[in-house]
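The values are calculated or read from the model by the stated rules, or taken from the named source; none is laboratory data. All figures in this text were calculated on a predicted structure; none of them were measured in a lab. For neighbour counting, all protein chains shown are included, and Cβ atoms are generated from backbone atoms with ideal geometry for every residue, glycine included. Areas reflect the complete protein model, heavy atoms only, side chains present, ligands, DNA and RNA absent. Shrake-Rupley method; radii C 1.70, N 1.55, O 1.52, S 1.80 Å.
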Amino acid sequence: MEVKSEPGSYAKDTVPGAASLGLNSRRIGTLALVFMIIAASAPLTVVAGGVPSNFAVTGLLGIPLSFIVLGVVLVLFAIGYAAMSRHVHNAGAFFAYISKGLGKPVGMGAALTALVAYNSMQIGISGMFGFVFSSFLDSLFGLQVSWWICALVAWVIVGLMGISRVDFSAKVLGVIVGTEFLVVIVFDIIGFAHSPEGVTADGRLPDQLFAPGVGAALAFSIAAFMGFESGAIYNEEVKDPKRTAGRATIIAVSVIAVFYAFSAWAMTVAEGASNVVGRSQEFGPDLMFVFLGEHAPVWFVDLANLLFLTSLLAALVAFHNIVARYFFALGRDRVLPAFLAATSRRSGAPVAGSLAQSGLGLIVILVFAIVGAGSQDPLFPVVTLFTWLTNMGAFGLVLLMALTALAVVGYLRSYSQEYSLWTRAIAPGLSAIGLIALFVSIVINFNVLIGLEGTSVLSWLLPAIVIVPGIIGTIWAIVLRSRRPQLYAGIGTGGSLG
């Protein structure tokens with residue numbers, strides 16, 4: 001595949017034969033980016049799978065309120081994040097932001113943690129996709145296909161989209177996300193119309209959330225927002241680098257928070273406050289489809305199941321694109337091998353990063369397929385590959401968001417004439433406090449999140465897989481500072497020292 005090079009680029013000047021620094025710019029508008037951000041959070045997957053799982057595990061009625069609480073924290077985060085995105089245009093968003101705000105050693109550590117966390121999210125979702133697709137084929141056509149074969153179908157589709165033009169992915173994701181919203185809205189309407197105990201404020205009352213188990217509830221709910229911060233990753237490809245990413249991020253997180261809170265409340269009303277926890281524990285992620293089966297036409301239930309599948313596919317594509325751009329950014333700065341900065345002359349996509357992510361995904365899927373070959377549990381890919389890796393990803397990303405909030409405060413100190421105290425310090429500072437508290441909650445409740453009772457090796461091993469690369473990256477950067485100062489100077493610069 002041909003690659004393109006830019007004259008005078010940092011990688012070209014220092015690494016003969018290195019591939020391009022440039023992604024295909026000016027492709028993405030605000031609305032398209034909003035859909036790409038929301039696609040990563042997978043609206044139908046969250047409402048159908050995440051919300052009832054949260055009810056079931058925590059036993060709290062206040063799950064709808066948890067989305068509002070987290071939405072406030074993340075909007076505060078997005079205010080400073082958007083301001084910084086006007087000045088830092090780099091496909092390795094967290095990597096670049098933390099490097100500039102907290103220093104290159106911390107930025108290098110953040111880069112490797114981000115790479116592990118985003119890969120974990122993407123590959124973990126493939127386990128759920130494989131299970132859902134396998135069940136779908138069995139229920140509709142009587143075909144019994146192993147989950148890992150179904151996961152590899154998604155792997156091929158995602159890989160092909162990853163090396164295509166980014167605006168093509170944006171259009172596909174826009175259609176999928178739009179239909180997801182429609183299905184959930186229909187569920188909400190039917191839920192309010194049914195309302196066996198009437199439409200009440202249950203689910204939105206503070207005492208129903210802020211009770212024993214609130215930490216686990218918030219830790220579960222934050223996973224629904226993962227990917228909202230990805231807007232800045234596309235800042236080299238948007239139509240207006242100074243405004244598009246920031247504007248899209250604030251819009252996306254606001255829409256996600258309100259939509260999830262409303263839909264979780266609709267589920268509470270649909271089942272009745274006295275029944276929703278018990279029904280969630282009985283049916284788990286099938287609760288929404290069981291309810292629709294009782295109150296909607298069969299064809300609509302089948303459509304909802306199909307869109308649940310495409311929702312997962314959209315999330316896979318969105319996280320794949322994020323990982324590919326991280327590989328690109330790290331290759332361009334030579335934090336990783338420079339060949340990872342290769343982009344396609346035809347599509348402008350970060351083709352080397354895309355292929356690297358696909359390669360990692362293939363290896364992990366096959367490893368879990370081999371390990372699970374003797375398992376008789378049909379939920380094996382869900383309770384292992386999906387649960388373990390997506391919670392690893394959320395663990396790492398919340399930590400990175402907390403560091404990024406602090407980095408925003410550090411970076412915007414020199415912009416006192418351009419931004420108010422609220423934008424450059426108070427909002428990101430408050431979000432940092434909230435995110436640090438949330439991170440502590442995830443650490444405390446990690447065994448609950450991965451479905452274990454009490455502590456086990458996995459309780460510390462899975463978080464360590466995310467954290468240790470970050471520690472190594474920080475140490476590596478400190479070594480580079482003295483031994484290879486030119487390489488160290490390029491960390492987080494986007495391939496240009498100017």
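Placing R0 at 45 angstrom, the Cβ-Cβ distance between LEU182 and ILE478 gives a FRET efficiency of 0.30 after rounding to 0.05. Where only DSSP H runs of four or more residues are counted, the chain gives -22500 deg cm²/dmol as its mean residue ellipticity at 222 nm, each run worth -39500 (n - 2.57). Taken over the chain, lysine pairs spaced eight or more positions apart, or on distinct chains, with alpha carbons under 24 Å apart number 9.
Within the assembled protein chains, the solvent-accessible surface assigned to TYR118 is about 0 Å², based on a 1.4 Å probe.
Counting only heavy atoms of the protein chains and using a 1.4 Å probe, HIS89 has close to 70 Å² of accessible surface. The relative contact order of the chain, computed from alpha carbon pairs under 8 Å that lie at least 6 residues apart in sequence, is 34 percent. Membrane-span-like helices in the chain, defined here as complete DSSP H runs extending at least 15 Å along the helix axis by their C-alpha atoms with mean Kyte-Doolittle hydropathy no lower than -0.5, are 30-41, 63-85, 104-141, 147-162, 166-194, 244-271, 298-332, 351-371, 387-412, 427-444, 457-483; this is a sequence and geometry rule, not a statement about a membrane.
Computed with every protein chain present, the accessible area of LEU303 is close to 70 Å² [probe 1.4 Å]. Please label the shape of region 43-202 as rounded, prolate or oblate, based on the square roots a ≥ b ≥ c of the eigenvalues of the alpha-carbon gyration tensor (a/c under 1.5 means rounded; beyond that, a/b larger than b/c means prolate, else oblate). Since a/c reaches 1.5 but b/c is at least a/b, the shape of region 43-202 is classed as oblate.
This model, with +1 at the C-beta of Lys and Arg and -1 at the C-beta of Asp and Glu, gives the chain a dipole about its Cα centre of some 2340 debye.
Per-residue extension of 0.36 nm, minus the Cα-Cα distance of SER254 and LYS239, leaves a gain of 3.2 nm for this segment. If R0 is 35 Å, the Cβ-Cβ spacing of HIS87 and VAL440 corresponds to a FRET efficiency of close to 0.70.
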